[in-house]
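Below you'll find the structure, written out as structure tokens, and then a few comments.
Read-outs throughout are calculated quantities, based only on the coordinates presented, and are distinct from any laboratory measurement. If you're wondering where the values come from, they're calculated on a predicted model, not measured in any experiment. No Cβ is skipped: glycine too gets one built from the backbone with ideal geometry, and neighbour counts run over all protein chains shown.
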Amino acid sequence: MEAKNKSAWGDESMRTQDSKPGRYMVGVSICDLAEHTVRNGFDSRSLRKEKKSIGMT
Amino acid sequence: MKLDERNKSIDFINNLNLRHIVIGAEPLPETMRPERARRKCLETLLPILEKQYDITQLFMESRNTKQDLLEINFIQGIRSRGFISSLNYQLLPGDSDARLWIPDQILGAVGADDWRGLPVKNVEQYMITLE
């Protein structure tokens, strides 16, 4: 039997604050959902706009 | 992003019932290059994904061309050192696939002080101390 592909999707984030040590984070979500399922499920804004709105590029 | 929008995105992600894994590296002083912290995170994360979660493909958000090339070389290096064997690593533009948006939101929820208290489900966190 052929093994099922299992995928994870990842991004990064870096926090730096005055007088506090910074933190670098890499996070992944294990997600076998179809791309359109995710896109259609959250439809308030385009994904690019979502990212910009929280200060991530 | 307004609080109700944040709640909406996290509610939506929670309802997908996915598992999320976050690797954090600190302290990150101003004198340290973020690339070093990123590599430490990946060096920890990739074996976990392959060995504990049987992940066969990891899609990460790409950055600039130079960073992507260096990262591909780094991944080849940890593969040759035996940290991973079968895990396929790919870099994609952030707006190319909606699934890349999920970890973006999770990291925002986990990492930002004013997001503390939001009920993000199924997040497993590992912390690395940078020396």
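Across region B:102-107, coupling constants 3J(HN,Hα) worked out from phi with the 6.51/-1.76/1.60 Karplus curve, θ = phi - 60°, read 5, x, 4, 5, 5, 5 Hz, and Gly and Pro carry x. When the alpha carbon coordinates of region B:3-129 are projected onto the principal axes, the ranges are 45, 35, 27 Å, largest first. Shown is the FRET efficiency for B:Asn14 and B:Gln90, computed with R0 = 35 Å from the Cβ-Cβ distance and rounded to the nearest 0.05: 0.85. Taking Cα atoms only, the orientation of helix B:65-80 departs from the longest principal axis of chain B by about 70 degrees. Mean residue ellipticity at 222 nm, helices only, chain B: -15500 deg cm²/dmol; runs of at least 4 DSSP H residues each add -39,500 (n - 2.57), and the sum is divided by the number of residues. Between B:Gln125 and B:Ser80, the modelled label-to-label distance comes to 3.6 nm, taking each label 7 Å out from Cα in the direction of the beta carbon. Between the exposed loop cleavage positions of chain B, defined as trypsin sites (Lys or Arg not before Pro) in a non-H, G, I, E, B DSSP state with at most 12 neighbouring beta-carbon atoms within 10 angstrom, the longest gap is B:3-80.
Overall shape: oblate for region B:1-61, with the ratio a/c of the largest to smallest alpha carbon gyration tensor axis at 1.5 or above and b/c at least equal to a/b.
Taking Cα atoms only, the orientation of helix B:34-53 departs from the longest principal axis of chain B by about 80 degrees.
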